[in-house]
Amino acid sequence: MSKQSENGTPAFLERIFDRLQVADDVRQRLASAKLTAQVSIPVRMDDGALKVFQGWRVQYDDTRGPTKGGVRFHPQVSREEVTHLSFWMTIKCAVVDLPFGGAKGGVCVDPKGLSRLELERLSRGYIRAIHDLIGPDRDIPAPDVNTNATVMGWMSDEYAQIERRQVPAVITGKPLGLGGSAGRVAATGRGALQVLQLWTQRQDKSPEQLRVAVQGFGNAGYHFARLAHEAGYRIVALSDSKGAIHDEDGLNPEPIWKHKHATRELKGMVYCDESVCEERDAERIEQQALLELDVDVLVLAALEDAIDEDNAGRIKAPLILEIANGPVTAEADQLLEDAGVVVLPDVLVNAGGVIASHLEWVQNRIGDYWPQETVEQRLDDRIGKAAEACFERAEQEQVSLRTAAYLQGVGRIAAAMSQQGTRTYFNERAERRCGGGASGRQSD
Ligand code: NAD
C-alpha cells in the first residue's frame with residue numbers, strides 16, 4: 001500500500017485542526033501513534049521447518065478509552081499500513097461516539113498458503129507475542145482482512161491459557177459459542193447499508209431506482225450486497241481478488257456466496273478457494289472495469305487505494321460507499337470532489353463492525369447475551385445518529401461528508417484531550433498561582 005489515502009495526510013488533518021481551532025497539544029498528540037510494537041512470530045510448519053513471520057500492533061490513541069482495532073493477515077501488511085489503519089480506527093470510534101481509542105494489528109503473511117494447523121499456530125503465536133499489550137481495559141483486537149471468527153476463537157483461547165482464566169472481552173468477533181455476539185458477522189455490511197439508506201432517503205430516491213456495483217465480495221462486501229439485495233437495490237456487479245462479474249438484470253448475492261464457499265466447506269479449509277467468476281450465468285468482466293461501470297452506487301469493499309489519480313477520472317458512479325478502509329487516495333478524493341462525485345466516507349460507513357464489537361465487549365463484561373434484534377437495533381441507532389450528524393454538518397458548513405465526519409471525530413478527541421489539560425489550562429493555573437488574571441477557564 002504505497003499511496004496514502006486522503007484521510008491520513010497531514011495536509012487534510014491540518015485543515016480539520018484549523019477549522020476546529022484545536023490546541024497545539026492536540027495536534028502534537030495526534031501526529032504519531034502512542035505505541036508501536038513489532039514482533040517476530042516463530043511458527044513450526046507442517047514439514048517441521050521453522051518460519052518466522054513479522055507482525056505489528058499499533059495503539060494510536062487511547063484518550064477516549066481502551067484502544068480497539070482488527071488484526072489483518074496479508075502479504076502486503078507493513079508497519080506503515082498498520083499505523084494508518086490504527087489512526088483511522090481512532091477517528092472512526094470517535095465519529096460514532098464509542099468509548100474506545102484506535103489500534104490495529106497485522107501479520108505479513110499470505111494466509112492462503114498455510115494449512116489450517118499452521119494458521120492456528122500463527123494466530124496463537126501472534127497473541128503470545130502481544131499478550132502484555134492487550135486486555136479488556138487496554139487494547140481489544142478483532143477480525144480484519146483474512147481473519148475471521150475462527151481465528152478470533154483461537155486468539156482468545158490463547159490469551160485465556162496464558163492468563164489461566166477466561167477473559168472473553170479481550171477479543172471481539174469471536175464465534176457465538178465462545179462469547180461472540182449475535183449479529184456481529186453481518187454488522188459492517190448492515191451498518192454500511194444503513195448509512196446508504198439514510199443518504200438516499202435524503203435524496204428522495206428509493207432502493208429500486210438504484211443500480212449498485214460492489215468491489216470486494218468478502219465478509220463486509222457480501223453481507224452488504226445480501227442485505228442491499230433484500231432491501232430492493234439491484235446489484236449489477238461483484239468482484240473479488242480473482243475477477244469480476246456483471247449482469248444488468250441483477251445478481252442474487254446469497255447463492256453466489258454459497259457457491260463460492262462450497263469447495264471450502266467440502267475441503268474443510270478456512271479460506272475460500274473459489275471466486276465469483278465461477279458463476280456461469282453472469283458476464284465476466286475485468287476487475288478494473290467494475291469500478292468504471294455506469295452505475296448509481298459504487299461500493300468499495302476490498303482494500304486501500306482502489307481509486308487513485310489514474311482511474312478517478314473514469315469513475316461514472318455519482319455516489320461511492322467506502323466500506324473498505326482508505327479505498328480512495330488523497331489525489332483521487334480531490335478529483336472526485338471536483339467532479340461532483342459524493343463519497344460516503346469509510347470512518348462512518350464501515351463503523352458497524354466496531355459498533356457490534358463494542359456490544360460484544362459489553363455483553364462479555366456483564367456476562368449476559370442479547371438477542372440479534374437487540375444488537376441490530378442498537379447498531380442501527382448508533383450509526384444512524386452519527387450519519388445524520390455528519391450529513392447535517394456537511395450541509396451546514398458546506399464541506400464534504402469526509403470533512404464533516406472528521407470534524408465530528410477529531411472534535412470529540414480534541415475535547416477529551418483538552419479535558420486532560422492543555423498548554424492554556426496549565427498556563428492559566430500558573431498565572432493564578434502567580435496572582436495573574438485567573439479566569440478559571442479550562443478551554444482551548
Ligand atoms: P475479506 O478478506 O473478507 O474480503 C476482502 C475481499 O476483497 C475478498 O473477497 C477479496 O477477494 C477481495 N479483493 C481483494 N483484492 C481485490 C481486488 N483487487 N479487486 C476486487 N476484490 C478484491 O475482508 P473484509 O473483512 O470483508 O474487509 C474488507 C475491507 O473492509 C477492508 O478494507 C477492511 O479493513 C474493511 N472493514 C472490514 C470490517 C469487517 O468487519 N469485516 C470492518 C471495518 C472495515
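General observations
- Each peptide among 79-86, 23-30, 348-355 gets the average number of other Cβ atoms lying within 10 Å of its residues, and from highest to lowest they stand as 348-355, 79-86, 23-30.
- Each residue in Cys93, Cys108 was given a count of other beta-carbon atoms within 10 angstrom of its own, and listing them fewest first yields Cys108, Cys93.
- Taking Asp333, Asp110, Asp305 in turn, the Gaussian network model of the chain (Cα-Cα springs below 10 Å) assigns the largest fluctuation to Asp110.
- Backbone amide hydrogens, once placed in the peptide plane, bring Ile285 within less than 5 Å of Ala244, Ile245, His246, excluding anything fewer than 5 places away on its chain.
- Neighbour-count order for Met155, Met417, fewest beta carbons within 10 angstrom listed first: Met417, Met155
- Nearby lysines by direct alpha-carbon distance to Lys316 (threshold 28 angstrom, same-chain neighbours under 8 apart not counted): Lys3, Lys92, Lys205, Lys242
- Residues Phe17, Phe224 in ascending order of nearby Cβ atoms (within 10 Å, fewest first): Phe17, Phe224.
- The tail of the calculated P(r) for region 50-94 beyond 16 Å holds 39 percent of all Cα-Cα pairs.
- Beta bridges from DSSP with both residues in region 6-110: antiparallel share about 75 percent, rounded to the nearest 5.
- Counting DSSP beta bridges with both ends in region 187-349, the antiparallel % (nearest 5): 30
- Charge tally in the Cβ shell below 14 Å around Pro168, where Lys, Arg are +1 and Asp, Glu are -1, Pro168 excluded: -2
- Legend: distances between Cα atoms for Lys51/Lys174; Lys260/Lys385; Lys51/Lys104; pairs beyond 29 Å are Lys260/Lys385.
- Percentage relative contact order, region 33-178, counting C-alpha pairs under 8 Å, at least six apart: 25
- Straight-line cross-link reach from Lys34 at under 18 Å between alpha-carbon atoms covers these aspartates and glutamates, not counting any fewer than eight positions away in the same chain: Asp24, Asp25, Asp61, Asp62, Glu80, Glu81, Asp132, Asp137, Asp139.
- Considering only alpha-carbon pairs that sit under 8 angstrom and 6 or more positions apart, the relative contact order computed for the chain is 17 percent.
- Once C-alpha pairs closer than 8 Å and six or more residues apart are averaged by separation and normalised to the residue number of region 283-328, the relative contact order reads 47 percent.
- Anisotropy class of the chain from Cα gyration tensor, a/c 1.5 cut: oblate
- Projecting the Cα atoms of His246, Val145, Gly221 onto the charge dipole of the chain (Cβ charges, centred on the Cα centre) puts Val145 farthest toward the positive pole.
- Rounded to 5, the percent of DSSP beta bridges in the chain classed as antiparallel: 45
- Test item: Cα-centred dipole of region 187-349, Lys/Arg +1 and Asp/Glu -1 on Cβ, debye: 680
Each value in this text was obtained by applying a stated rule to the coordinates, not by laboratory testing. Since we're looking at a predicted model, the values are computed, not measured. Every residue, glycine as well, gets a Cβ built from its backbone with ideal geometry; the counts of neighbours run over all protein chains shown.
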